[in-house]
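I have placed the structure first, in the form of structure tokens, so that the comments after it can refer back to it.
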């Protein structure tokens, strides 16, 4: 099941209009507190900028939304960015667009378009992913089965996220939650029931879509 959509990774992009430089910074976050920390970090790093305009959305259903114009005319920067991010269906994300004023005023409409355009470029740089429920399973298997399991991984049903080599091989597998029973069956059939499932727990997986 898809839980939400967010940025795949950190992203940064520049946009120049009428000699003003806009720098978009995008960060996926786990909480509103983490988002505010990110905003403060960018403001500190770019404290010589004319403006650092933030927009934050958090919560699986976009319950928390916050933006600031940071000195720009009211409603011309933070809110347009926030609306664009919300309309894209994104959450658990922080975006800050830094502006270095180039000496030419853009007007209210021009400001809204510029900040939104910069934020979109930042999202493109970060990429978009879907966050889904997953299962993580730790198996102990004999060495003789390792190559066959690796070959099956290429089929895309599961991913091997860790391998430990001791007397036997300990594999950590991750799959979509709905594929859990299928993976357990595959591992049993492949090893004639010799694969030992040591641990199974729920987690989340990020699948990049753009």
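Of the listed values [x] 1.17; [y] 1.02; [z] 1.44, identify the label whose number matches Rg/Rh (Cα atoms, Kirkwood Rh) calculated from this model.
[x]
What is the gain in length, in nm to one decimal, between residue 210 and residue 124 on full extension, counting 0.36 nm per residue of separation less the C-alpha to C-alpha distance? Intermediate values should be presented prior to the final figure.
Numbers: separation 86, 0.36 × 86 = 30.96 nm, distance 0.77 nm.
Length gained between residue 210 and residue 124: 30.2 nm.
As I understand it, the value is the acute angle between the Cα axis of helix 180-190 and the longest principal axis of the Cα atoms of the chain; what does it come to in degrees, rounded to 10?
On a 0 to 90 degree scale, this one is about 40.
Could you tell me how many degrees, from 0 to 90 and to the nearest 10, lie between the Cα long axis of helix 32-45 and the main elongation axis, the longest principal axis, of the Cα atoms of the chain?
On a 0 to 90 degree scale, this one is about 50.
Counting every Cα pair in the stretch 26-68, what percent are over 17 Å apart? Walk me through the numbers before you get to the answer.
Details: 275 of 903 pairs.
Percent of Cα pairs beyond 17 Å in the stretch 26-68: 30.
At 0.36 nm per residue, minus the direct Cα-Cα distance, what do residue 161 and residue 66 gain on full extension? Give it in nm, one decimal, please. List each step's numbers first, then the result.
Numbers: separation 95, 0.36 × 95 = 34.20 nm, distance 3.56 nm.
Extra length from residue 161 to residue 66 when fully extended: 30.6 nm.
Could you tell me the center-to-center distance, by alpha carbons, between the stretch 1-47 and the stretch 190-209 in angstrom?
Here the answer is 33 Å between Cα centres.
Quick one: angle between helix 78-87 and the longest Cα principal axis of the chain, in degrees between 0 and 90, rounded to 10, please.
30
Classify the stretch 111-157: rounded, prolate or oblate, from the alpha-carbon gyration tensor (a ≥ b ≥ c, eigenvalue square roots; a/c under 1.5 rounded; otherwise prolate if a/b is larger than b/c)?
Taking the square roots of the gyration eigenvalues as a ≥ b ≥ c, the stretch 111-157 is prolate.
Roughly how many whole Å is it from the C-alpha centroid of the stretch 60-83 to that of the stretch 157-173?
Each part's Cα centre sits 44 Å from the other's.
With no solvent and one equal point scatterer placed on each C-alpha of the stretch 2-126, evaluate the Debye formula and give log10 I(q)/I(0) for q = 0.10 Å⁻¹, two decimals.
Each listed q corresponds, in turn, to -0.26.
Note down the Stokes-Einstein diffusion coefficient of the stretch 131-208 in µm²/s, whole number, using a Kirkwood radius over alpha carbon pairs, 20 °C, and 1.002 mPa s. Write down the numbers at each step before the final one.
Working: Rh = 12.5 Å.
For the chosen part, D equals 171 µm²/s.
Bear in mind these aren't lab numbers, they're just calculated from the coordinates by the rules spelled out. In this text, all values refer to a predicted model and were calculated from it rather than measured experimentally.
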